[in-house]
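Data first, discussion second: the structure below is written as structure tokens.
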């Protein structure tokens with residue numbers, strides 16, 4: 001074990017010595033050849049250091065575009081997505097008409113996708129990635145990359161849906177039933193194509209029912225009326241849902257409560 005650690009230390013020193021010799025060489029063309037070798041061998045840290053060093057020397061020269069392109073990828077391949085996004089953006093500002101522009105535009109979007117965190121965390125990068133990929137699709141309607149971009153957008157939207165569902169469920173679990181009802185109904189608008197739409201609407205009905213149950217007596221009638229309104233909306237939206245029977249139970253319970261707390265005629269489901 002000690003021998004292996006010592007050997008690793010020696011190799012690291014040798015590597016540092018090698019890159020330092022390259023960086024100290026006054027010939028930018030020699031440095032470029034070495035950077036290309038590092039890049040080809042996937043030694044992205046060393047390639048990045050040398051590319052960064054020679055960028056000023058090749059500014060305005062034919063080689064500059066390829067150097068900048070690979071320099072951006074050295075950041076990406078080291079998972080430095082924040083820096084990579086900035087470099088891809090810079091490339092597009094300089095070489096918007098390049099044959100590589102579409103690829104780089106896609107990769108800029110992809111860096112935001114790679115920064116997208118777990119559902120429980122802040123989803124700013126996720127929202128940015130969705131917007132960037134949608135813009136890419138609109139800007140490059142014939143791109144072969146659009147299929148993958150669409151798949152990624154769907155996956156990111158599912159992540160947002162998961163976060164919102166957990167937030168709505170947390171309101172419910174904490175007894176904040178009105179907030180839960182609003183949150184579940186909002187999800188129906190935000191995720192109109194979701195497979196879970198009837199479940200979200202059921203939870204809205206259930207939340208309004210619990211809210212009505214816990215209300216002061218003078219508010220119970222109007223709030224049980226609200227439960228029935230939400231149940232009617234469920235039936236209109238999802239007449240064939242297997243959850244309809246459960247929704248009807250909330251209607252029946254609400255109607256029974258209305259008989260107690262209201263002198264008005266009881267409404268029935270549509």
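Every read-out reported here was derived from the displayed coordinates using simple, explicitly stated rules and does not represent laboratory data. Note that the structure is a prediction, hence the values are computed from the model and not measured. Cβ coordinates were reconstructed from backbone atoms using ideal geometry, including for glycine residues, and neighbour counts include every protein chain displayed.
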Residue within segment 181-201 that is more than 25 Å from the chain's Cα centre (by Cα), closer than 30 Å to residue 160 by Cα and surrounded by 15 or more Cβ atoms within 10 Å (Cβ to Cβ) present = no
Those residues of segment 136-166 that are surrounded by fewer than 16 Cβ atoms within 10 Å (Cβ to Cβ) and free of Cβ contacts under 8 Å to residues at least 24 places away in the same chain come to a total of 11
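Here's the yes/no breakdown for (1) farther than 19 Å from residue 94 by Cα; (2) surrounded by 14 or more Cβ atoms within 10 Å (Cβ to Cβ); (3) in contact with a strand residue (DSSP E or B) (Cβ under 7 Å, 6 or more places away or on another chain):
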| position | (1), (2), (3) |
| --- | --- |
| 44 | yes, yes, no |
| 52 | no, yes, no |
| 56 | no, no, no |
| 60 | no, no, no |
| 64 | no, yes, no |
| 67 | no, yes, no |
| 71 | no, yes, no |
| 80 | yes, yes, no |
Kindly indicate whether any position in segment 174-183 is in a helix (DSSP H, G or I), out of contact with any helix residue (DSSP H, G or I) (no Cβ under 7 Å at 6 or more places or on another chain) and more than 30 Å from residue 48 (Cα to Cα).
-> yes
